[in-house]
Amino acid sequence: DAGVIQSPRHEVTEMGQEVTLRCKPISGHDYLFWYRQTMMRGLELLIYFNNNVPIDDSGMPEDRFSAKMPNASFSTLKIQPSEPRDSAVYFCASRRTGGPNTGELFFGEGSRLTVL
Amino acid sequence: GDSVTQMEGPVTLSEEAFLTINCTYTATGYPSLFWYVQYPGEGLQLLLKATKADDKGSNKGFEATYRKETTSFHLEKGSVQVSDSAVYFCALTWNAGGTSYGKLTFGQGTILTVHP
């Protein structure tokens, strides 16, 4: 089975531009998570969904960030307008509630965002 | 709320040295416990896990034992290799009846560098 797929792998943009990051979770997984990782702040949970419904978005930094999950196989994280302090690696991860691997989180390879 | 505390890094060792990375947690009930590893330029991946007290997780020569009495899950390896250089994260998730729910709570990560 394919793992969690993220795109783009790298994005360089200018301040003020809109950025959209995409994620395809593993088929059959009912949880999807968006994380941000920087040297200064480490790994931060931004938002997570269960069965396509946002459960906790308390980690979203501000109104410039938004996330959607229109169906079980696709999610987006959008930043509008982007700022240099948004530069980070953004990870998507998924897992399923039950089964032998219950609790195990599967991560994508990340999207490295640089805002100039 | 739930929390995970890891020993401060970075940790630098010579090849074949013994490794311990301490992890303690605060949680209600009896969570599932995990160690994740992140190699340079990659996403996090599961290293090992334990789902109940006194369980020992093991993989690739690494071990960790779920100690309820000390609320700890320390990671150990008897002889590290250069290829073990990575960032290690301790994590927990709520567990009810053998099924995990909700998000994983991660520690801040410990950078390990192994020199030849």
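The values are calculated or read from the model by the stated rules, or taken from the named source; none is laboratory data. Note that this is a predicted model, so its numbers are computed, not measured. Ideal geometry is used to build each Cβ from the backbone, glycine not excepted, and the neighbour counts take in all protein chains shown.
Worth a mention:
- Of all residues in the range B:7-47 being within 13 Å of chain A (Cβ to nearest Cβ) and among the acidic types (Asp, Glu), the one that is nearest to residue B:102 (Cα to Cα): B:42
- Remark: pairs (first residue in the range A:23-41, closer than 18 Å to residue A:79 by Cβ; second residue among the basic types (Lys, Arg) and surrounded by fewer than 24 Cβ atoms within 10 Å (Cβ to Cβ); Cβ separation under 8 Å; 6+ apart in sequence or on different chains) = A:33/B:103.
- Verdict on residue B:63 being under 20 Å from residue B:8 (Cβ atoms) and within 10 Å of the chain's Cα centre (by Cα): no
- Checking residue A:64 against (1) over 19 Å from residue B:103 (Cβ atoms); (2) within 14 Å of another protein chain (Cβ to nearest Cβ); (3) of a type outside the set (A, V, I, L, M, F, W, C); (4) in contact with a helix residue (DSSP H, G or I) (Cβ under 9 Å, 6 or more places away or on another chain), the condition it does not meet: (2)
- Restricting B:88, B:101 to residues that are within 13 Å of chain A (Cβ to nearest Cβ), of a type in the set (Ser, Thr, Tyr), over 17 Å from residue B:42 (Cβ atoms) and assigned to a strand (DSSP E or B) narrows the list to B:101.
- Residue in the range B:80-92 that is buried (at least 20 other Cβ atoms within 10 Å of the Cβ), charged (D, E, K, R), under 30 Å from residue A:111 (Cα atoms) and in contact with a Phe, Trp or Tyr (Cβ under 8 Å, 6 or more places away or on another chain) present: no
- Out of A:67, A:2, sole residue that is touching a strand residue (DSSP E or B) at 6+ places or on another chain (Cβ under 9 Å), in a loop (DSSP other than H, G, I, E, B) and within 26 Å of residue B:91 (Cα to Cα): A:2
- The single residue among A:87, A:75 that is touching a Lys or Arg at 6+ places or on another chain (Cβ under 8 Å) and at pLDDT 95 or above turns out to be A:75.
- Search result, residues across the range A:74-116 that are within 14 Å of chain B (Cβ to nearest Cβ) and of a type in the set (Phe, Trp, Tyr): A:90, A:91, A:106, A:107
- Subset of the range A:2-55 (residues that are surrounded by fewer than 16 Cβ atoms within 10 Å (Cβ to Cβ) and among the hydroxyl-bearing types (Ser, Thr, Tyr)): A:7, A:20, A:27, A:38
- Here residue A:101 passes the criteria (1) outside any strand (DSSP E or B); (2) within 16 Å of the chain's Cα centre (by Cα) except the one numbered (2).
- Count - residues of the range B:23-55 that are over 12 Å from residue B:94 (Cα atoms), among the aliphatic types (A, V, I, L, M) and part of a loop (DSSP other than H, G, I, E, B): 2
- Each residue in the range B:57-85 was checked for being over 23 Å from residue A:45 (Cα atoms) and assigned to a loop (DSSP other than H, G, I, E, B), and 13 pass.
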